Each structure stands twice: as C-alpha cells, then as structure tokens.
Amino acid sequence: MSPEHDQTAAPVEVKGLKKSFDGNAVLKGIDLTLARGETLAILGRSGTGKSVFLKLIIGLQQPDSGSIRVEGTETAGLLPERLNEIRKKMGFLFQQAALYDSLTVGENVAFPLRRHSKKSAAEHEELVRELLSSVGMENDIDKLPSEISGGMQKRVGLARALALEPEILLLDEPTAGLDPITAAEIGDLIRGLKEKREISSIVVTHDVEASKAVSDRFVLMADGSILAQGKFEEIERSDNEFVHRFLHGGK
C-alpha cells in the first residue's frame, strides 16, 4: 500500500515544526497529531502562529525545519505537482472565506471541481447544488459574494472546501466576526460534517465557547509553543496561569 493511501497513518502528524519570519520565531518546535475522525481545536491569542500552522500543513508556506506528514506522506519540500495531489485530500476554509469577488456563489463552489474533477458539467452543477444545500445556501447560488453577509460567505467557503470530498478539513477562525447566532449555526454545520462524513478536522480559533461546541480535543498555543492539550476538562485543570486566564476570559 502506498503512503498516500495508508489508512493506518494519522491524517496529519507534525514533529519539531519550526517557522520564523524576519528572525521572529512564530513556531518553536510543534509536535502534534490529528487522529482519524477527530475534530481538534487549536486555541490561542491572535499572532501566536495558529494560522501559520494551517498554512504549513496545506503547503502555502514551507517550514524552516521539522516534519509534516499528511496521510503518511511527508509534504515539506514536495514538488508542486505532488503537493497538489496531497492538497486534494484537504479542504481549507480561510479566515475571510476568500471567495472570488467576480464569481457567483455557485461558480465559487464549482471552481475546484472544474480544476480537479473529471465529472461532467451536469454532474458539477448537481454537486454544487447539493453542497450549497448542505450549508443552507442553495437559494443564493446566483448571487455575488458582495450580495451576501459575512456569515453566508463562510457557509459558501465551507461548501467550496468540501467540493473535492476531502478526508481532512482545515478551518481558520470559522466563527470570527460573526454574531453569536450565526457562529452557533456554523458550529452546527461543522459538527454535522463530522457525523455525516467522518472528516478529520483542525479548527484554529480564539473562540473558546465555539470550539467547545465542535471539538473532541484542544491544544492551547502561546508564544509559538503548546502550553496544554487534551480534552477541555483536562486543560481546564492546568495550573498554568495563562491557560486559566485564556479559558476564562482573562479572569
């Protein structure tokens, strides 16, 4: 069995991961494994390297040192063609949804299908409608991103991230900037995906309450390092002062 189809391997495994920008160490040797079917929340303040961590996993940036394995395949330093094959296993929801302004909602969701799928145009259209329906956006298929709200854009971004039926989902601040009701709805969608598709997910967020609603395990990062990890009740028992303040809103 080839590494890329090794179902015994962890969906994502990183060891000794380091990344600096202009001499500033953002990640200082991260060791972390995502279990199959697990939703893992990476918590931390803004600027602690959470989003950089996701970009390294998907290959948008390269680490200074360390190992990144996706489904058993080392991705650091891969040629672009091979990296693109690995990326098809992963869906990525950007923090600002990152929809194409000039494309309609439907065209945004169809974009990865047209680039990477050999299905017919009719099959693409049917799948796009199914995906938009799964996130409650089927009635907005012909609208432009500028014509829908931020929460609706996140829904469309989530539908696009699912277009290639990924095994791994990477979510960068999925509830940032949303009102509590919309944030809860996004959380329901993420939880539903795990139940229906058995996707392995990493959710990067500073929203403790939102992460509690969707995640199985939690990692709290600060200053480029992991301070605590485990189930929520486990990290809540940490005697680290920063961990306590972060989990309880600075109190």
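Which percent of the accessible heavy-atom area of the chain goes to carbon and sulfur, probe 1.4 angstrom?
On the way: 5860 of 12330 Å².
Whole-percent figure for carbon plus sulfur exposure: 48.
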Under a 1.4 Å probe, counting only protein heavy atoms, F242 has an accessible area in Å², nearest 10, of 60
Taking Cα atoms of the range 1-93, Rg/Rh with Kirkwood Rh, to two decimals? 0.95
Before I look further, what does the chain give for accessible area per residue, probe 1.4 Å, in whole square angstrom? 49
Share of antiparallel DSSP beta bridges in the range 129-251, in percent to the nearest 5? 50
Note, R197: beta-carbon cut-off 11 Å, +1 each Lys/Arg, -1 each Asp/Glu, net -2
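Dipole magnitude of the range 97-143 about its Cα centre, charges +1 at Lys/Arg Cβ and -1 at Asp/Glu Cβ only, in debye to the nearest 20?
On the way: 6 positive and 9 negative charges, 56 e Å.
It comes to approximately 260 debye.
What does the charge dipole of the range 101-228 about its Cα centre add up to, to the nearest 20 debye, if the Cβ of each Lys and Arg holds +1 and the Cβ of each Asp and Glu holds -1?
Dipole magnitude for the range 101-228 comes out near 340 debye.
Which semi-axes, in whole Å and largest first, does the equivalent ellipsoid of the range 66-161 have when worked out from the alpha carbon gyration tensor as the square roots of 5 times its eigenvalues? Don't skip to the end; give the middle numbers.
Working: eigenvalues 148, 51, 24 Å².
Square roots of five times the eigenvalues give 27, 16, 11 Å.
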Taking Cα centroids, how far is the range 65-108 from the range 197-251 in Å? 25
Rank G192, G106, G49 by mean-square fluctuation in a GNM of the chain with C-alpha springs under 10 angstrom and give only the top-ranked residue. G192
If we restrict to alpha carbons, what Rg and Dmax does the range 133-251 come to, in Å? 15.9, 52
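For the chain, what is the charge dipole size about the Cα centre, in debye to the nearest 20, if Lys and Arg each add +1 at the Cβ and Asp and Glu each add -1 at the Cβ?
On the way: 32 positive and 39 negative charges, 87 e Å.
Computed about the Cα centre, the dipole is about 420 debye.
Given the chain, what percent of its DSSP beta bridges are antiparallel, to the nearest 5?
Details: 20 of 38 bridges.
Beta bridges within the chain, antiparallel portion: roughly 55 percent.
Restricting to DSSP loop positions (anything but H, G, I, E, B) with no more than 13 other Cβ atoms inside 10 Å of their own Cβ, which trypsin sites (Lys or Arg not before Pro) remain in the range 28-103?
Values: sites: K28, R36, R45, K50, K55, R69, R82, R87, K88, K89; in loops: R36, R45, K88, K89.
Passing both the DSSP loop test and the Cβ count: R45.
The values are calculated or read from the model by the stated rules, or taken from the named source; none is laboratory data. Nothing here was measured: the structure is a model prediction, and the numbers come from that model. Quick reminder, even Gly has a Cβ in these numbers, built from the backbone with ideal geometry, and neighbours come from all protein chains shown. For accessibility, only protein heavy atoms count, side chains too; no ligands or nucleic acids. Shrake-Rupley method; radii C 1.70, N 1.55, O 1.52, S 1.80 Å.
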